[in-house]
1. Separation of segment 67-118 and segment 126-175 by C-alpha centroid, Å?
2. What three numbers, in Å, describe the spread of the alpha carbons of segment 64-177 along their principal axes, ordered from the longest?
3. Just grab the label-to-label distance for residue 21 and residue 84, each label 7 Å out from Cα along the Cβ direction, in nm (one decimal).
4. So, in nm, how far is label residue 12 from label residue 145 when the simple model puts each one 7 Å beyond its Cα toward the Cβ?
5. For segment 95-151, count the residues as N, evaluate 2.2 N^0.38 Å, and divide the Cα radius of gyration by that value, please.
6. Put a dot 7 Å past each Cα toward the Cβ at residue 120 and residue 164; how far apart are the dots in nm?
């Protein structure tokens, strides 16, 4: 009786591997599939909400210098030289954001997140463009006034001053953050 092709293939395979021996355990390759870490979506949402909640629109600063329309602030306990140097552009602006087109709640979250990211990355000097309010109702700089209150509430902020004309003038502030 003739062998079927299937039996013939099995016989050929058995003959081909009859002298094979298993590899020792230390030579075997193990491909362990690691599960990806879960994304903590609720934690991310909670952190974003904490950032938003950390800044109030109704904060009244205890110590702020205002000369006309120019915004100036120096956290208590710091040298006035810091503010003078900041106004003169002695620090290099390392990062910036632009708040044009954002509503107050969006801007508040954006500013809080930006400052937090800068602190994590070791960035000290930033510029925040808030605009001059020419496109808003009553042509008033709404974000400009809210921004100063938000910045004063952030412990990371040492000082801020109106940007030099080439950096945005009265439509932007330069902020110095703690190291």
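Any read-out appearing in this document is the output of simple, stated calculations on the displayed coordinates, not a laboratory observation. In this text the structure is predicted, and so the values were computed from the model without any measurement. Cβ atoms come from the backbone with ideal geometry, glycine included; neighbour counts cover every protein chain shown.
1. 7 Å
2. 38, 31, 25
3. For the pair residue 21/residue 84, the computed spacing is 8.5 nm.
4. It is 8.9 nm.
5. So the Cα radius of gyration is 1.15 times the expected 2.2 N^0.38 Å.
6. 3.1 nm
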